[in-house]
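Enquirer: I am attaching a structure below and will ask some questions about it afterwards.
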Amino acid sequence: MSTLSTALTRLLNIQHPLVLAPMGGVSGAELTRAVSQAGGLGLLGASYGDADWMRPQLSALRDLEQPWGVGLVMFTVARRMELLHLALDYGPDVVALSFGEVKPFIQPIHSNGAKVIVQVHDVDQAIVAHEAGADALIVQGAEAGGHSLKRASLPLFPAVRDALGETVILIGAGGIADGRGVAAAFDLGMDGAMLGTRFLASDEAIPSLKVKQRLVDAVASDTVRTRIFDDVRGISWPAPYSGRAIANAFSTEWIGKEAALAADVEALGQAYSQALAEDNVDIRAIWAGEVSDLITNVQSAETIVHTTIRETVAQLQRQQRYLIN
């Protein structure tokens, strides 16, 4: 199989310029391992940080020969920095950081020999993260599943490249589910791509087949941007952010009624926790991006990685037809 050599593959010593998004509740040790073993970079979704969950997951990755990493949400972990040190104790090659102030994280991560990759959502954030010492940036557009700002990937990718110059290593995310998207990211100045929603529909992802089938059945117009799934869980996200999820009965009932939800959040939060325990897809959030149209099956992570790379190579080759010799 043809492969691709980029600044990202050289930085991380990986075979393919593909990164697993560190999705909380989705990207567990099994999926992380599978993506890394397939030649990409697997990132464990430690998310907000739960030490009891993290320990066995990280332990399952300690002996992985291929590079791997862990993803953390900064605005929660900053209040419990012991969670960062817990992750570092298991020797990840990469720590991916998102949503918060990056400076306090850089030195302890570099001191442990790991690379720092920071997710950004606009040009200003990209400049701050680069100047703070990040080894690479994930540039995420609003098409992504889960949390983001408002800028779309198509103009955001080249805007960040233009602002930072040619040598900064950039990973495109948001709106990418196959090789066509990866090739487009390259054309817009990225050195690799991060896929999230596509890997939700993988055999190794944590959620149930019921959740994965709901994604397979969905299209982009089924997704909504909202904060209600955070509000009901009592997670205080920074004001500019909202999350993209597949609409369900809960979102239909409560979007536009945020004040009423807040007034009864204790009871609703208990009901939501029960829905999570019962895997009730009419209530629980399924974070998914606009690429939902493009996902028509559940496959192994290895198949997703290898198929995506083959598609990327083929797309880049097809683009040559537009050249006039």
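Enquirer: For the stretch 1-20, give me each residue that is modelled with pLDDT of 95 or more, open to solvent by 10 Å² or more (accessible area, probe 1.4 Å) and in contact with a helix residue (DSSP H, G or I) (Cβ under 9 Å, 6 or more places away or on another chain).
Expert: Result: Thr6, Ile14, Gln15.
Enquirer: Let me ask something else. How many residues does the stretch 24-43 contain that are among the hydrophobic types (A, V, I, L, M, F, W, C) and over 15 Å from Val94 (Cα atoms)?
Expert: Of the residues in that region, 4 qualify.
Enquirer: Under 7 Å by Cβ, and 6 or more places apart or on different chains, what pairs join a residue from the stretch 114-125 that is within 17 Å of Gly189 (Cβ to Cβ) with one that is part of a helix (DSSP H, G or I) and open to solvent by 10 Å² or more (accessible area, probe 1.4 Å)?
Expert: Val123/Ala159; Val123/Ala163
Enquirer: For the condition crowded, with 21+ Cβ neighbours inside 10 Å and modelled with pLDDT under 95, what is the one hit in Ser27, Ser47?
Expert: None of the others qualify; the one that does is Ser47.
Enquirer: Kindly provide the set of residues from the stretch 278-292 that are part of a helix (DSSP H, G or I) and either modelled with pLDDT under 95 or surrounded by 14 or more Cβ atoms within 10 Å (Cβ to Cβ) (or both), ordered by number.
Expert: Glu290, Val291, Ser292, listed by residue number.
Enquirer: Further question: Taking the condition of being surrounded by fewer than 22 Cβ atoms within 10 Å (Cβ to Cβ), in contact (Cβ under 8 Å) with a residue 24 or more places away in the chain and more than 16 Å from Ala21 (Cα to Cα), how many residues in the stretch 62-80 meet it?
Expert: Total satisfying the criteria: 7.
Enquirer: Here's something else I'd like to know. Take Gln125 and tell me if it is among the polar types (S, T, N, Q), within 30 Å of Ile246 (Cβ to Cβ) and either buried (at least 24 other Cβ atoms within 10 Å of the Cβ) or out of contact with any Lys or Arg (no Cβ under 9 Å at 6 or more places or on another chain) (or both).
Expert: Against the criterion (among the polar types (S, T, N, Q), within 30 Å of Ile246 (Cβ to Cβ) and either buried (at least 24 other Cβ atoms within 10 Å of the Cβ) or out of contact with any Lys or Arg (no Cβ under 9 Å at 6 or more places or on another chain) (or both)), Gln125 qualifies.
Enquirer: Please state which of the following conditions Thr296 fails to meet, knowing it meets all the rest: (1) part of a loop (DSSP other than H, G, I, E, B); (2) among the β-branched types (Val, Ile, Thr); (3) crowded, with 16+ Cβ neighbours inside 10 Å.
Expert: All conditions pass for Thr296, except number (3).
Enquirer: Next question. For the stretch 119-235, give me every one of the helices (runs of 4 or more DSSP H) that falls completely inside it and has 1 or more residues that are within 29 Å of Arg318 (Cα to Cα) and over 16 Å from the mean Cα position of the chain (by Cα).
Expert: By residue number, 153-164, 179-187, 209-217.
Enquirer: Looking at the stretch 248-263, can you tell me whether even one residue there is farther than 21 Å from Gly25 by Cα and in contact (Cβ under 8 Å) with a residue 60 or more places away in the chain?
Expert: The answer is no; no qualifying residue exists.
Enquirer: With the structure loaded, tell me whether Arg33 is surrounded by 19 or more Cβ atoms within 10 Å (Cβ to Cβ), in contact with a Phe, Trp or Tyr (Cβ under 8 Å, 6 or more places away or on another chain) and of a type outside the set (Gly, Ala, Ser) or whether it fails that test.
Expert: Yes: the conditions hold for Arg33.
Enquirer: Within the stretch 115-160, track down each residue that is of a type in the set (D, E, K, R) and within 22 Å of Val95 (Cα to Cα).
Expert: Residues satisfying the conditions are Lys115, Asp122, Asp124, Glu131, Asp135.
Enquirer: Go through the stretch 143-166 and count every residue that is in contact (Cβ under 8 Å) with a residue 40 or more places away in the chain and open to solvent by less than 40 Å² (accessible area, probe 1.4 Å).
Expert: Qualifying residue count for the region: 8.
Enquirer: Take the residues in the stretch 242-280 that are touching a strand residue (DSSP E or B) at 6+ places or on another chain (Cβ under 6 Å) and among the small types (Gly, Ala, Ser); name whichever of them is farthest from Gln213 (Cα to Cα).
Expert: So, considering only residues that are touching a strand residue (DSSP E or B) at 6+ places or on another chain (Cβ under 6 Å) and among the small types (Gly, Ala, Ser), the one farthest from Gln213 (Cα to Cα) is Ser242.
Enquirer: Being among the small types (Gly, Ala, Ser), open to solvent by less than 10 Å² (accessible area, probe 1.4 Å) and touching a helix residue (DSSP H, G or I) at 6+ places or on another chain (Cβ under 6 Å) is the requirement here; does Ser202 meet it?
Expert: yes
Enquirer: Return the pairs, sorted by first residue and then second, in which the second residue is outside any loop (DSSP other than H, G, I, E, B) and open to solvent by 50 Å² or more (accessible area, probe 1.4 Å), the first residue lies in the stretch 90-111 and is closer than 21 Å to Asp63 by Cβ, the beta carbons are less than 7 Å apart, and the residues are 6+ apart or on different chains.
Expert: Hits for this filter: Tyr90/Ser59; Asp93/Lys115; Val94/Lys115.
Enquirer: As an exercise: evaluate Ser251 against (1) surrounded by 14 or more Cβ atoms within 10 Å (Cβ to Cβ); (2) in a loop (DSSP other than H, G, I, E, B) and give the number of the one condition it does not meet.
Expert: The single condition Ser251 does not satisfy is (2).
The values are calculated or read from the model by the stated rules, or taken from the named source; none is laboratory data. Source: prediction; values computed, not measured. Every residue, glycine among them, receives a Cβ derived from its backbone with ideal geometry; neighbour counts consider all protein chains shown. For accessibility, only protein heavy atoms count, side chains too; no ligands or nucleic acids. Shrake-Rupley method; radii C 1.70, N 1.55, O 1.52, S 1.80 Å.
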